[in-house]
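Let me begin by presenting the structure, written as structure tokens, before commenting on it.
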């Protein structure tokens, strides 16, 4: 872990008292790699953010703009005060066990834009941070916040490996398709049916040095939806 602060500012939870130069990076506990770069979003997505390398410590519902919350973060998380970052929010039960175990929490999940306020120091196997919430978007509102006009209409969909078993979850218009390789790395894609059309709204990838989400709105053609057994 590496943290820097402007020496003239006090250590405080208040945004106005937080150093402009606060920087947090965390190293892999296995190999020591420190993440400083995240791949740009694919053509269909409008943003990238962090998945389960971030744990919400003090809220059981989607955070609201203006609020301050505490996060536990681990590698490959990295952030600075100067640049806001996006984080996936799942309610407590699905944060612990996944949407597969608690699909009813899909409707109360979302993506949240945060600003780093304070580094509170080591917290178990990671670091504890204080953040301010800038924007929060529930999953079913992603198409409205990131309309298709902002997305390349024929952008490639997330690739699905041939010959590999996929886990498929369907719940009230949502379809989650996920796959993994020996539990070491994996990917998932979340589709939402609205107005008789299927939309790719969120995808994620995970591994030793990866915990990434991408969000946007890519409307599927009928043949694309059929190929993924969406309904």
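For segment 50-73 and segment 132-190, compute the distance between their C-alpha centroids and round to whole Å.
Between the Cα centres of segment 50-73 and segment 132-190 lies a distance of 21 Å.
Which entry in (i) 19.9, 64; (ii) 18.1, 60; (iii) 22.8, 91 is this structure's computed Rg and Dmax of the Cα atoms in Å?
Step by step, Rg and Dmax of the Cα atoms in Å for this structure corresponds to label (ii).
Bear in mind that the values in this text are calculations on the coordinates, not laboratory data. As the structure is a computational prediction, the values presented were derived from the model and not from experiment.
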